[in-house]
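The values are calculated or read from the model by the stated rules, or taken from the named source; none is laboratory data. Keep in mind the model is a prediction, meaning the values are calculated, not measured. A quick note on method: Cβ atoms are made from the backbone with ideal geometry, for glycine too, and the neighbour counts reach across all protein chains shown. Ligands, DNA and RNA are excluded from the accessible area calculation, which covers all protein heavy atoms including side chains. Shrake-Rupley method; radii C 1.70, N 1.55, O 1.52, S 1.80 Å.
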Amino acid sequence: MSATIIDGKKVAKDITEALRHEVEALKAKGVVPGLAVVLVGENPASKKYVSSKEKMCESLGIKSMGNKIPEDSTQEELMKLINDLNNDPKVHGILVQLPLPKHLNEKEVMHAISPDKDVDGFGPDSLGRLVLDEPGFLPCTPHGCMKLLEAYGVDPKGKHAVVVGRSVIVGKPIALLLLRQHATVTICHSRTPDLKETCLRADILCAAVGKAEMIKGDWIKEGAAVIDIGINVKEDGKLTGDVEFEKAKERAGFITPVPGGVGPMTIAMLMYNTVEAAKATVK
Ligand code: GUN
């Protein structure tokens, strides 16, 4: 049997359409949600992501404030910019597109963003709140993955969820969100010896390794929900995920395609966080 293909574009659109009304309501109260997007240098993938974020802001009536600074900007210049954005009342959310050029200290930048404006959810306050199960900004991609499961009626409660990848921005937070929804969670990574066997026990499999089609079709448990967070560019220029999609879809119950699965959700949840940040400023 072939899997239900999870339509991330559709779920993302439902979320952004609901936000459109919230933006209008905020504007009626005199608040225009504002997102400051900081892009350092000319990384082509980053430029593309930033442009998609800006377009989505524009379409929802969120004010996007682009801050494009040169590749050779110093740490001091970047920290000064963050400080200015922290103090600007028109800015409700700050997003610093990663990765930064090698000479810059990403951690220091993430620590400097005001917790009230940390719409990426990568700062220590946001991530600490996630661990503590306290309200706060959730990282957009993991939050989007949870929304996809919810939209397709996949309840993590009592299920075995396997997360492949332990990054701070995807693997770790998604594991915590699955745990919050009462899944039993296994986190795998490059040193996990029995990766195939562990994946085969996953009712929910989240792949976030960044290696094209590393998770093979015969690693998928029959009927599993497969969430593919990888975006890899193949030699022919086409995008592919971390999962061998064509074979995996013959075994999975649900599966996200790449593109059109998790990707659109990341932007939708960024818009959601920005609107939440703006709402929090209304007296
Ligand atoms: N680079 C790749 N994904 C992301 C993201 O979600 N946010 C930021 N800031 N940078 C990224």
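Looking at region 24-32, is at least one residue in contact with a Phe, Trp or Tyr (Cβ under 9 Å, 6 or more places away or on another chain), assigned to a helix (DSSP H, G or I) and at pLDDT 95 or above?
Checking region 24-32: not a single residue is in contact with a Phe, Trp or Tyr (Cβ under 9 Å, 6 or more places away or on another chain), assigned to a helix (DSSP H, G or I) and at pLDDT 95 or above.
Condition first: out of contact with any strand residue (DSSP E or B) (no Cβ under 8 Å at 6 or more places or on another chain) and open to solvent by less than 90 Å² (accessible area, probe 1.4 Å). Now tell me which residues in region 180-191 satisfy that.
ARG180, GLN181
Restricting the first residue to region 79-103 and requiring it to be open to solvent by less than 80 Å² (accessible area, probe 1.4 Å), which pairs with a second residue that is hydroxyl-bearing (Ser, Thr, Tyr) and not in a loop (DSSP other than H, G, I, E, B) meet a Cβ separation below 7 Å and a spacing of at least six or different chains?
Hits for this filter: HIS92/THR274; GLY93/THR274; GLN97/SER46; GLN97/TYR49.
Of everything in region 214-243, what is open to solvent by 10 Å² or more (accessible area, probe 1.4 Å), assigned to a loop (DSSP other than H, G, I, E, B) and at negative phi? Give them in sequence order.
Correct list: MET214, LYS216, LYS221, GLU222, ILE229, ILE231, LYS234, GLU235, ASP236, LYS238.
Keeping to region 34-71, report how many residues are within 14 Å of the ligand (Cβ to nearest atom) and in a loop (DSSP other than H, G, I, E, B).
Residues that pass the stated criteria total 2.
Might you check whether a residue that is assigned to a loop (DSSP other than H, G, I, E, B), within 14 Å of the ligand (Cβ to nearest atom) and open to solvent by 50 Å² or more (accessible area, probe 1.4 Å) occurs anywhere in region 114-131?
no
Among the residues that make up region 136-145, is at least one of them touching an Asp or Glu at 6+ places or on another chain (Cβ under 6 Å), within 23 Å of ASN83 (Cα to Cα), within 16 Å of the ligand (Cβ to nearest atom) and open to solvent by less than 60 Å² (accessible area, probe 1.4 Å)?
yes
Taking the conditions exactly as written (in contact (Cβ under 8 Å) with a residue 24 or more places away in the chain and either touching a Phe, Trp or Tyr at 6+ places or on another chain (Cβ under 7 Å) or closer than 19 Å to MET271 by Cα (or both)), does LYS9 satisfy them or not?
Judged against the criteria, LYS9 is a match.
Scanning for something among the charged types (D, E, K, R) and under 23 Å from LYS10 (Cβ atoms), does region 235-242 turn up at least one residue?
Yes - at least one qualifying residue is present in region 235-242.
Determine whether VAL168 is surrounded by 23 or more Cβ atoms within 10 Å (Cβ to Cβ) and either within 16 Å of ASP242 (Cα to Cα) or within 15 Å of the ligand (Cβ to nearest atom) (or both).
The answer is no for VAL168.
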